Amino acid sequence: MSHQNRPGSAGIPGFTEHRVTVDDGVTLHACVGGSGAPVVLLHGFPQTHLMWRHVAADLAADHTVVCPDLRGYGASDKPAGTGPDVYSKRTMASDVVRLAAELGHVRFTLAGHDRGALVAFRAAMDHPDTVSRALFLDVLPTLDMWDALRGVNGAVGFHLYLMAQAPGLPEEMIQGAADAFFGYFLDAWTKDPDALPADIRAHYLAASAAAVPSIVADYRASAGVDVDHDTADRAAGNKLAMPVTVLQQDWGAALGYHAQGLWSAWAGDLRHRTVSCGHFMAEEDPKLITEEIRALADR
């Protein structure tokens with residue numbers, strides 16, 4: 001593995017851009033800033049590391065903060081999804097652990113939002129000696145997510161079913177209307193449109209449009225190999241070994257499940273909180289998210 005850094009080129013003021021090789025032919029882009037105990041922040045869909053810009057700048061006062069673009073997203077490499085493991089959360093989690101190690105961090109607090117939270121979940125399950133604490137924003141573990149999407153209420157997750165289909169049609173449909181497709185989620189999932197200013201929104205749309213095959217491959221893995229990995233852990237009775245914080249919108253009330261109960265089955269040391277902001281909570285309420293990360297780091 002190797003990495004290069006380029007001062008002053010990151011989108012987060014005071015952070016430095018790095019390119020780190022984490023796998024054969026796969027290099028991740030990451031922005032790093034601050035000093036102190038390390039915290040790694042993983043973005044969600046349809047976004048990049050810039051979703052953490054407010055939180056990261058605040059945390060950098062007393063933490064070393066690492067904000068990568070996940071494999072297949074943003075400025076990171078986008079290998080072809082030639083097999084189920086290329087975009088499995090296990091593979092993407094391994095990327096993150098290798099990235100952190102290359103940057104000198106063998107143990108760290110890990111926070112993830114949306115897709116990044118699923119990567120963080122797998123990293124915490126697979127690498128308990130590396131992930132000291134874990135925070136998950138607005139997701140359920142993959143296995144529980146599919147169980148929760150039942151009946152007509154499951155239509156809220158239509159994109160999950162679309163991108164679960166065999167290669168070809170999903171990519172063609174999304175590429176043909178990329179701005180409309182990705183823009184739909186940026187608009188529908190936020191309660192405060194001002195949290196996504198025009199330049200940031202345009203960045204997310206452009207980055208997503210340039211990554212359609214890899215984004216679809218990421219989602220397709222969550223309808224296959226990721227379910228297999230979660231199922232194996234559940235059958236074995238495996239749980240998250242570290243302190244865990246989960247912040248979620250009240251999707252359970254809408255879809256008929258008990259979110260805290262589902263998470264409690266995976267995490268013995270759990271803090272679960274329902275929030276009032278929209279899905280993009282690191283941008284809609286960055287103060288809250290920063291406070292929760294600091295509180296978790298002190299547990």
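The values are calculated or read from the model by the stated rules, or taken from the named source; none is laboratory data. If you're wondering where the values come from, they're calculated on a predicted model, not measured in any experiment. Neighbour counts are summed over all protein chains in view; Cβ atoms, including those assigned to glycine, are modelled from backbone coordinates with ideal geometry. Side chains are part of the model used for accessible areas, which takes the heavy atoms of the whole protein and leaves out ligands, DNA and RNA. Shrake-Rupley method; radii C 1.70, N 1.55, O 1.52, S 1.80 Å.
Run the reach check for Lys287 against lysines, Cα to Cα strictly under 29 Å, same-chain hits fewer than 8 apart removed. What comes back? Partners found: Lys89, Lys191. Could you tell me what percent of the accessible area of the range 259-299 is made up of carbon and sulfur, with a 1.4 Å probe and every protein chain present? Solvent-exposed carbon and sulfur of the range 259-299 make up 45 percent of the total. The phi-based Karplus calculation (6.51 cos²θ - 1.76 cosθ + 1.60; θ = phi - 60°) puts the 3J(HN,Hα) values of the range 165-179 at 6, 4, x, x, 4, x, 4, 5, 5, 5, 4, x, 8, 4, 5 Hz, whole numbers, x for Gly and Pro. Can you give the relative contact order of the chain as a percent, counting alpha carbon pairs under 8 Å and 6+ residues apart? Reported as a whole number, the value is 19 percent.
Take the chain with all the other protein chains still there, run a 1.4 Å probe, and you get 39 Å² of accessible area per residue. Distance from the C-alpha centroid of the range 7-67 to that of the range 270-296: 18 Å, rounded to the whole angstrom.
Kirkwood radius for the range 91-228, taken over all pairs of different Cα atoms as the inverse mean of 1/r, rounds to 16.5 Å.
Overall, the ratio between the Cα radius of gyration of the chain and 2.2 N^0.38 Å, rounded to two decimals, is 0.91. For Leu42, nonlocal amide neighbours, meaning residues 5 or more places apart or on other chains whose placed amide H falls under 5 Å from its own, are Ala111, Gly112, His113. Express the carbon and sulfur contribution to the solvent-accessible surface of the range 22-101 as a percent, rounded to the nearest whole number, probe 1.4 angstrom. Here carbon and sulfur together make up 51 percent of the probe-accessible area. About its Cα centre, the range 116-160 has a charge dipole of approximately 80 debye under the convention of +1 per Lys or Arg Cβ and -1 per Asp or Glu Cβ, with nothing else charged. With the whole protein complex present, Lys191 retains an accessible surface near 130 Å², based on a 1.4 Å probe. Here the Kirkwood formula puts the hydrodynamic radius of the range 14-172 at 16.2 Å, using every distinct Cα pair. Here the dipole of the range 128-192 is about 180 debye; that uses its Cα centre as origin and unit charges on the Cβ of Lys and Arg (positive) and Asp and Glu (negative).
For the range 66-179, the relative contact order is 17 percent, taking Cα pairs closer than 8 Å that sit 6 or more residues apart in sequence and dividing their mean separation by the residue count.
The orientation-averaged projected area of the convex hull spanned by the Cα atoms of the range 33-104 comes to 4.9 nm². Its Cα centre serving as origin, the chain has a Cβ charge dipole (Lys and Arg +1, Asp and Glu -1) of approximately 380 debye. Pairs of Cα atoms nearer than 8 Å and 6+ residues apart set the relative contact order; for the range 35-120 it is 41 percent. Rounded if a/c is under 1.5, else prolate if a/b is larger than b/c, else oblate: which is the range 188-292, with a ≥ b ≥ c the root eigenvalues of its Cα gyration tensor? Cα axes put the range 188-292 in the oblate bin. The heavy atoms of Cys277 present about 20 square angstrom of accessible area, all protein chains included, probe 1.4 Å.
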